[in-house]
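**Student:** Sharing a structure below in structure tokens format, with a few things to ask.
The values are calculated or read from the model by the stated rules, or taken from the named source; none is laboratory data. Keep in mind it's a predicted model, so treat the numbers as computed, not measured. FYI the Cβ positions are ideal-geometry reconstructions off the backbone, even for glycines, and counts take in every protein chain you see.
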């Protein structure tokens with residue numbers, strides 16, 4: 001499923017980023033890569049979605065819906081993190 | 001303002017020297033506090049804006065050693081393709097740096113260290129400054145500097161730049177680093193595979209004698225990560241090695257080389273941060289609880305509109321109050337040279353012109369400018385702006401932009417010039433151009449002053465609100481039309497920085513710097529403009545400008561023809577329009593203007609929308625070339641005329 005479709009407040013693992021190089025560069029600058037664990041905090045119908053990385057502090061990121069639709073994630077249980 | 005850090009043995013060099021000593025670069029992630037440290041190290045030689053999107057240099061003297069300190073725009077990586085970050089990267093690649101002061105937000109250690117690891121590849125000494133110690137303490141974060149220094153081979157210091165705590169220690173470290181040979185940081189070691197390719201590339205770079213400032217290793221890594229950033233390395237042998245590595249990484253890991261290398265650095269930074277951080281208390285800080293509230297999908301909007309309303313109400317009332325304090329003093333000065341009008345008319349016209357300029361700057365502009373810049377500085381300090389991006393992104397998409405454009409727009413309420421520079425933070429050229437075309441329509445402090453001053457004297461706050469709402473609606477419509485013409489946007493990716501308590505001391509310093517800039521720059525413009533208009537009236541040549549603008553001013557908009565000449569001066573600075581209106585219509589206070597309510601409103605609309613001011617026009621030209629600058633100027637004149645005409649018709653219908 002895509003990050004856009006993913007449920008809120010569930011641990012997620014990024015498995016693929018189906019975008020061009022520029023978007024991948026921007027994501028990697030924010031340390032969002034394949035195999036990274038995240039949680040979707042807010043997924044509004046209107047506006048960007050808000051995510052937080054699971055392993056580190058309290059960093060939050062806003063991702064536009066178009067880009068979130070290109071990030072493929074899978075649900076995972078907390079033990080696997 | 002007397003510098004409170006004079007005892008730090010740092011002095012300015014007043015005369016520029018051709019031969020610099022050493023060069024120190026201040027580098028860090030955006031919003032890590034670089035400019036605050038730059039201001040402290042350079043005796044406040046800086047503008048007051050927080051968001052820095054250009055390279056700022058200043059000369060300083062530390063213990064009789066001349067040094068150049070460079071404040072670079074915030075960067076997330078030395079391989080970034082973002083416009084403002086490329087400016088920093090290009091500077092680093094094309095100038096020799098002797099020492100790096102790497103600023104890290106202590107509450108965001110992992111991301112800060114990831115950049116540090118990248119900086120180590122340059123092979124030059126690095127001093128790590130762990131900034132925002134006050135915020136770290138509130139969160140119970142304790143960082144072991146000894147382990148950090150040992151692991152990275154760098155000197156490390158913790159400080160709170162916004163309160164000035166720890167700056168003296170930083171100065172001492174810089175002194176020591178310049179006097180003694182500072183430790184050279186050890187470059188970070190990647191995996192064996194990558195290291196082999198790095199070594200091969202290093203060898204080719206050394207053999208081909210390409211002129212480089214730093215370690216060949218750094219250029220080898222950059223060539224793998226983002227070869228476009230260093231075009232001089234397009235060598236067949238280099239390309240062959242890069243392609244081999246790219247194929248290997250893509251096949252084995254389904255990743256681009258830059259992603260893979262970035263991930264290795266990130267893993268190391270995470271591991272290192274875990275080793276050096278100790279959390280002494282595990283409670284949710286007040287700021288995080290506030291954050292949940294102001295980022296809430298419903299309450300967040302209520303807070304946003306409340307903040308916006310409070311912002312404008314404060315400016316309006318504080319501005320009125322300050323103006324009422326200054327007015328009597330300026331009026332008594334005005335009476336002192338009144339007898340000259342009959343005895344020496346030319347001298348009187350010159351003195352009166354200069355006086356009108358001072359009156360405009362101190363009596364009209366300053367009272368509204370002061371609360372505006374102070375409130376903007378306080379908001380910038382808190383990190384609230386990135387929440388606004390989050391809230392407003394959906395709405396911005398409706399008008400064809402994405403949320404990040406709101407930051408240049410908000411800065412534009414202070415001044416269009418830094419707002420235009422702030423468009424450098426937008427990754428997509430289409431978003432940059434669209435935002436730049438719209439910025440001249442955002443009411444800057446000068447235009448807000450025109451609106452507030454005329455509204456306070458003649459129309460009341462209701463019409464000020466209507467005019468501001470109309471301008472916002474207009475910006476939305478223009479943006480929507482432009483988005484239909486231009487290709488679609490790439491979308492938003494943005495870090496939401498943690499909320500921080502604003503530092504009043506830092507905000508007051510920044511406000512002072514902005515006011516100083518304004519008084520140094522605008523006051524001269526206003527005085528000279530006032531004198532020239534005084535002469536224009538004395539020699540009775542204002543009628544030429546009046547006739548030139550009469551088809552629009554009196555023909556289309558039914559305004560007094562004499563206002564035509566004021567618009568010419570408004571191009572120099574928008575505040576001049578007010579001063580010139582005084583003179584052109586021969587009144588001493590705004591409330592005596594011989595204009596009807598409809599005429600005042602139509603005039604405000606026209607002044608707020610027509611032609612960007614000279615400074616904005618120059619920056620538009622510099623940043624976006626002449627086509628955009630001239631198109632923007634003609635477009636704004638067209639929009640101003642149409643808008644004022646529509647208001648004239650509507651107001652005539654209402655008031656007849």
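**Student:** Can you pull out every residue in region A:10-22 that is crowded, with 21+ Cβ neighbours inside 10 Å and either within 14 Å of residue B:495 (Cα to Cα) or within 9 Å of chain B (Cβ to nearest Cβ) (or both)?
**Tutor:** We begin by selecting, within region A:10-22, every residue crowded, with 21+ Cβ neighbours inside 10 Å; these are A:12, A:17.
The one that is crowded, with 21+ Cβ neighbours inside 10 Å and either within 14 Å of residue B:495 (Cα to Cα) or within 9 Å of chain B (Cβ to nearest Cβ) (or both): A:17.
**Student:** Continuing with the same structure: What residue, among those in region B:126-139 that are modelled with pLDDT of 85 or more and outside any helix (DSSP H, G or I), is farthest from residue B:502 (Cα to Cα)?
**Tutor:** Filtering region B:126-139 for residues that are modelled with pLDDT of 85 or more and outside any helix (DSSP H, G or I), the one farthest from residue B:502 (Cα to Cα) comes out as B:126.
**Student:** Does region B:152-167 hold any residues that are out of contact with any strand residue (DSSP E or B) (no Cβ under 8 Å at 6 or more places or on another chain) and more than 15 Å from residue B:36 (Cβ to Cβ), and which are they?
**Tutor:** Listed by number, the list holds a single entry, B:153.
**Student:** Return the pairs, sorted by first residue and then second, in which the second residue is outside any helix (DSSP H, G or I), the first residue lies in region B:455-473 and is over 17 Å from residue B:640 (Cα atoms), the beta carbons are less than 8 Å apart, and the residues are 6+ apart or on different chains.
**Tutor:** As it stands, the answer is B:457/B:589; B:457/B:593; B:458/B:593; B:458/B:595, since those pairs meet every condition given.
**Student:** Inspect region B:267-280 for any residue being outside any helix (DSSP H, G or I), out of contact with any helix residue (DSSP H, G or I) (no Cβ under 7 Å at 6 or more places or on another chain), more than 23 Å from residue B:500 (Cβ to Cβ) and within 14 Å of another protein chain (Cβ to nearest Cβ) and give the result as yes or no.
**Tutor:** Within region B:267-280 (the criterion being outside any helix (DSSP H, G or I), out of contact with any helix residue (DSSP H, G or I) (no Cβ under 7 Å at 6 or more places or on another chain), more than 23 Å from residue B:500 (Cβ to Cβ) and within 14 Å of another protein chain (Cβ to nearest Cβ)), the answer is no, since none of the residues qualifies.
**Student:** Report whether or not residue B:395 is in a helix (DSSP H, G or I), within 14 Å of chain A (Cβ to nearest Cβ), farther than 19 Å from residue B:517 by Cα and free of Cβ contacts under 8 Å to residues at least 60 places away in the same chain.
**Tutor:** Spelling it out, residue B:395 is indeed in a helix (DSSP H, G or I), within 14 Å of chain A (Cβ to nearest Cβ), farther than 19 Å from residue B:517 by Cα and free of Cβ contacts under 8 Å to residues at least 60 places away in the same chain.
**Student:** Identify all residues within region A:60-69 that are surrounded by fewer than 20 Cβ atoms within 10 Å (Cβ to Cβ) and facing chain B (nearest Cβ under 7 Å); write none if there are none.
**Tutor:** Within region A:60-69, A:66 is the sole residue that qualifies.
**Student:** For region B:634-656, how many residues meet the condition of being modelled with pLDDT of 90 or more and either over 15 Å from residue B:558 (Cα atoms) or not assigned by TED's automatic domain parsing to the domain that holds residue B:447 (or both)?
**Tutor:** 6
**Student:** Which numbered condition in (1) more than 19 Å from residue B:268 (Cβ to Cβ); (2) touching a helix residue (DSSP H, G or I) at 6+ places or on another chain (Cβ under 6 Å) is the only one that residue B:173 fails?
**Tutor:** (2)
**Student:** State all residues of region A:35-59 that are within 7 Å of chain B (Cβ to nearest Cβ) and modelled with pLDDT of 85 or more; if no residue qualifies, say none.
**Tutor:** Of everything in region A:35-59, those that are within 7 Å of chain B (Cβ to nearest Cβ) and modelled with pLDDT of 85 or more turn out to be A:48, A:50.
**Student:** When you go through B:95, B:144, B:131 one by one, which is the residue that is within 26 Å of the chain's Cα centre (by Cα) and either over 30 Å from residue B:286 (Cα atoms) or surrounded by fewer than 24 Cβ atoms within 10 Å (Cβ to Cβ) (or both)?
**Tutor:** Sole residue among the options that is within 26 Å of the chain's Cα centre (by Cα) and either over 30 Å from residue B:286 (Cα atoms) or surrounded by fewer than 24 Cβ atoms within 10 Å (Cβ to Cβ) (or both): B:95.
**Student:** A further question follows. Kindly indicate whether residue B:590 is at pLDDT below 75 and either more than 36 Å from the chain's Cα centre (by Cα) or closer than 26 Å to residue B:413 by Cβ (or both).
**Tutor:** yes
**Student:** Of the residues that make up region B:349-365, is at least one touching a residue at least 40 places away in the same chain (Cβ under 8 Å), assigned by TED's automatic domain parsing to the domain that holds residue B:624 and within 27 Å of residue A:64 (Cβ to Cβ)?
**Tutor:** no
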